[in-house]
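The values are calculated or read from the model by the stated rules, or taken from the named source; none is laboratory data. All values derive from a computational prediction rather than experimental measurement. Using ideal geometry, Cβ is built from the backbone for each residue, glycine included, and neighbour counts are taken over all protein chains shown.
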Amino acid sequence: MNAPVLRTSMRGAIEIYDVVKVFEVRGVCVPAVDHCSFSIRAGEICMIVGPSGCGKTTLLNAIAGFHGIDSGSITLDGTLLCGPSQLVAPTGSDRIVVFQNGALFPWKTNLDNVAFGPIVQKKLSKKEAHEKGSQLLAQAGLSGYEHKYPGELSSGLQRRVEIVRALMNDPAVLLLDEPYRALDALSKSVMHEALLEIYYRTGVTIFFITHDLEEAIFLGHRVVVMTSRPCRPKESFTIDIPHPRRYEVLTSRRFRELAAEISAAVNEEAMKSFTLGEREG
Amino acid sequence: MPDASPGPNKFPRDGVAAEIRAIQSRAPGSSEDCGGTAARKKPSFLSLRLYYFGRWLRSPKPHLMLLGYASLLAFWYLSVEVLRLPRFAEMPGPTAVIHEWLSPSPTFGVSIHTPVYYQHILISLQRVLISFALATALGVPTGLLLGWSKTFKDYAFPIFEMLRPIPILAWVPLAIIMLPGSELPVLFLTFLASFFATALNTKLGVTSIDPTLVLAAKCLGASPLQVFRHVIVPGALPYVFTGLQISIGVAWFSLVAAEMVSGQFGLGYLINTSYTMVQYPTIIIAMVTLGAVGFVSSVAVRLIGNWLMDWRGRQLSLDNRR
């Protein structure tokens, strides 16, 4: 990875080894993840791209500890999260998920939302958590919104508050499940640059699921294209555009070349899942 | 980007700008420059209420409301006192009722000048409040448990669903047999219907909570008890208050049913005895009083709910639904 990435920690290396997850749907076993192995380096932005319903979210949920796996193992910085001896990973604030439709508590003010993690874990007192929260909100350009409720903010700002809420816990890895899917193109581009800015400051490892190829190339150090169900890495592309990136990158020649290369791989899988979907439906 | 609203002089037409300024200056929370959201101070609950009330007064709503009441009264007056429809021969007309109601020496003994009128109201109100409080104190925890614990639900919900559809009047004989005196059966019957409404709505409230909120809380390190306290309880609150609104209405409903059967005071009792003693205007006085007291108690519950769920009110008003 190219230069000025200010990394404060070298945490967040994820090793996914031979993971299998099968779901039972109306009495039929459907493999969602099939012998999937790949690894994410500490401090890497790893973009997971694949057709919808292919099992990317299943993988993310297994890392987060929302459900178990059937075989294989996942480790975080060498510590076993889930494996044969323990099929469900414990949930923990070292891996924080930012959800597709947002999951801020609508009955808490933005500041209370942000301060929630450290307070419930009794890591900080309420006062300290509020101080740290206000600071981080201000850094993310959200000062003035502390005492408003999430429902009073645009969805772009809500997503930003949610990322701040995650960062409050100093996580090793951020797990983002298509967080910008519902945003319009303009807010999306603002959010991308904001996310990169946060990344340059914290160096947190990012596991980012998306459908949007441009988003994947613009943000990622690496783009992993998944096969349609069952999910397994099909091809991995290193994005050799130097960081820090600004939006001009989108119009560069290298960006277009990569986009052409990756979209060929994605299209093939999308077609497969399309015909598969027809047969299943 | 806290400040995105244009300054007043950026409006193309000064008239529009002035109008907007005028509207904003009437709103209780706006400051003079009506600029950044950060600069705007939060209006107090009372001033916000007053503002909404003023806005309501200026809208066509109060006129329509008065028109509605007037046409109801006119229908009553015409059918009973002018047209003298045969089926309504026994029915007291509005003038008779109002005369009786306001009379210092009422023919049938109940008017706004007699202490017994207020005694009936107070006793009914007291019964409803006791039963409603008890139903809330037991119904909300029961509903939360039904929604939160699958084991408890599997164990208790079938019984719940079997007992709930039994009409309150069907409970009257058992209530009288089981409970001593005449007061306890009335309280029990009033409590019962409220309890079911509250518990069921609370349970629905818990199941309506977006599961990702629970996952998010777990992710952030909350223990099961903390999830309950910070996600389940506040998340169920909108449904709880819907339940309480239904519950207070049902409480009045079953109270009157219970008072008609047993009890020695109260508005339901008054209606029943007035009927048997052929004091028809008093029936209508008691009915209208019930309507008014019921309405006030229901509004009180709603106001408490809005006050507790400020976050929701703000969201709804942004969506133009309030």
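Answer yes if at least one residue in the stretch A:170-185 is assigned to a helix (DSSP H, G or I) and under 21 Å from the mean Cα position of the chain (by Cα), and no otherwise. Yes, the stretch A:170-185 contains a residue that is assigned to a helix (DSSP H, G or I) and under 21 Å from the mean Cα position of the chain (by Cα).
Filter the stretch A:211-249 down to residues that are at pLDDT 85 or above and part of a helix (DSSP H, G or I) and give me whichever is surrounded by the most Cβ atoms within 10 Å (Cβ to Cβ). That would be A:ALA216. Across the stretch B:135-148, the number of residues qualifying as farther than 13 Å from B:ALA197 by Cβ and in contact with a Phe, Trp or Tyr (Cβ under 9 Å, 6 or more places away or on another chain) comes to 4. Of the numbered criteria (1) surrounded by fewer than 17 Cβ atoms within 10 Å (Cβ to Cβ); (2) in a helix (DSSP H, G or I), the one A:LYS122 fails is (2). Residue count for the stretch A:116-169 under the criterion of being in contact (Cβ under 8 Å) with a residue 60 or more places away in the chain, at the interface with another protein chain (Cβ under 10 Å from one of its Cβ atoms) and over 17 Å from B:TRP311 (Cβ atoms): the result is 2. Can you confirm whether A:ALA172 is among the small types (Gly, Ala, Ser) and closer than 29 Å to A:GLU128 by Cα? The answer is yes for A:ALA172.
Of the residues that make up the stretch B:251-262, is at least one free of Cβ contacts under 8 Å to residues at least 24 places away in the same chain, within 14 Å of chain A (Cβ to nearest Cβ) and not β-branched (Val, Ile, Thr)? Looking for residues that are free of Cβ contacts under 8 Å to residues at least 24 places away in the same chain, within 14 Å of chain A (Cβ to nearest Cβ) and not β-branched (Val, Ile, Thr), one finds none in the stretch B:251-262, hence no. Residues that are closer than 28 Å to B:LEU129 by Cβ and either at pLDDT 90 or above or within 14 Å of chain A (Cβ to nearest Cβ) (or both): does the stretch B:208-225 have at least one? Checking the stretch B:208-225: not a single residue is closer than 28 Å to B:LEU129 by Cβ and either at pLDDT 90 or above or within 14 Å of chain A (Cβ to nearest Cβ) (or both). Being within 17 Å of the chain's Cα centre (by Cα) and more than 14 Å from chain A (Cβ to nearest Cβ) is not true of B:LEU308.
Table: residues versus (1) in the same structural domain as B:TYR239 (by TED's automatic domain parsing); (2) in contact with a Ser or Thr (Cβ under 8 Å, 6 or more places away or on another chain).
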position: B:GLY93; (1), (2): no, no
position: B:HIS99; (1), (2): no, no
position: B:PRO104; (1), (2): no, yes
position: B:GLN126; (1), (2): yes, no
position: B:LEU145; (1), (2): yes, no
position: B:PHE152; (1), (2): yes, no
position: B:LEU169; (1), (2): yes, no
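Please work out which residue is nearest to the other protein chains (Cβ to nearest Cβ), limiting yourself to the stretch A:103-115 and to residues that are assigned to a loop (DSSP other than H, G, I, E, B) and within 21 Å of the chain's Cα centre (by Cα). Within the stretch A:103-115, the match that is nearest to the other protein chains (Cβ to nearest Cβ) is A:ALA103.
Against the condition touching a helix residue (DSSP H, G or I) at 6+ places or on another chain (Cβ under 7 Å) and either under 13 Å from A:ILE14 (Cβ atoms) or more than 14 Å from chain B (Cβ to nearest Cβ) (or both), how does A:PRO51 come out, does it pass? Answer is yes for this residue. Restricting the stretch A:149-190 to residues that are under 20 Å from B:LEU220 (Cβ atoms) and of a type in the set (Lys, Arg), the residue that is surrounded by the fewest Cβ atoms within 10 Å (Cβ to Cβ) is A:ARG160.
One line per residue, one yes/no per condition, for (1) assigned to a helix (DSSP H, G or I); (2) without any contact (Cβ under 8 Å) to a residue 60 or more places away in the chain; (3) crowded, with 20+ Cβ neighbours inside 10 Å; (4) aliphatic (A, V, I, L, M):
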| residue | (1), (2), (3), (4) |
| --- | --- |
| B:LEU169 | yes, no, no, yes |
| B:ILE177 | yes, yes, no, yes |
| B:GLY181 | no, yes, no, no |
| B:LEU189 | yes, no, yes, yes |
| B:ALA199 | yes, no, yes, yes |
| B:LYS218 | yes, yes, yes, no |
| B:GLN226 | yes, yes, no, no |
| B:GLY243 | yes, no, yes, no |
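Any residue at all in the stretch B:263-282 that's in contact with a Phe, Trp or Tyr (Cβ under 6 Å, 6 or more places away or on another chain), assigned to a helix (DSSP H, G or I), away from chain A (no Cβ under 14 Å) and farther than 24 Å from B:LEU192 by Cβ? Yes, the stretch B:263-282 contains at least one residue that is in contact with a Phe, Trp or Tyr (Cβ under 6 Å, 6 or more places away or on another chain), assigned to a helix (DSSP H, G or I), away from chain A (no Cβ under 14 Å) and farther than 24 Å from B:LEU192 by Cβ. If I filter the stretch A:129-150 for residues that are in a helix (DSSP H, G or I), farther than 26 Å from A:ILE14 by Cβ and under 19 Å from the mean Cα position of the chain (by Cα), do I get at least one hit? No; the residues of the stretch A:129-150 include none that is in a helix (DSSP H, G or I), farther than 26 Å from A:ILE14 by Cβ and under 19 Å from the mean Cα position of the chain (by Cα). Selection of the stretch A:63-96 for residues being touching a strand residue (DSSP E or B) at 6+ places or on another chain (Cβ under 8 Å), more than 10 Å from chain B (Cβ to nearest Cβ) and closer than 13 Å to A:VAL173 by Cβ yields A:ILE63, A:ILE74, A:THR75, A:LEU76, A:LEU81, A:ALA89. Would you pick out the residues in the stretch B:78-94 that are crowded, with 16+ Cβ neighbours inside 10 Å and assigned to a loop (DSSP other than H, G, I, E, B)? Selection gives B:MET91, B:PRO92, B:GLY93. Can A:GLY27 be described as modelled with pLDDT of 80 or more, in the same structural domain as A:GLY72 (by TED's automatic domain parsing) and buried (at least 16 other Cβ atoms within 10 Å of the Cβ)? No; evaluated as a whole, the condition is false for this residue. Checked against (1) modelled with pLDDT of 90 or more; (2) over 27 Å from A:ASP77 (Cα atoms), A:ASP184 meets all criteria but (1). With B:VAL116, B:VAL110, B:VAL97 as the choices, which residue is crowded, with 16+ Cβ neighbours inside 10 Å, of a type in the set (Val, Ile, Thr) and in a helix (DSSP H, G or I)? One residue alone meets the criteria, B:VAL97.
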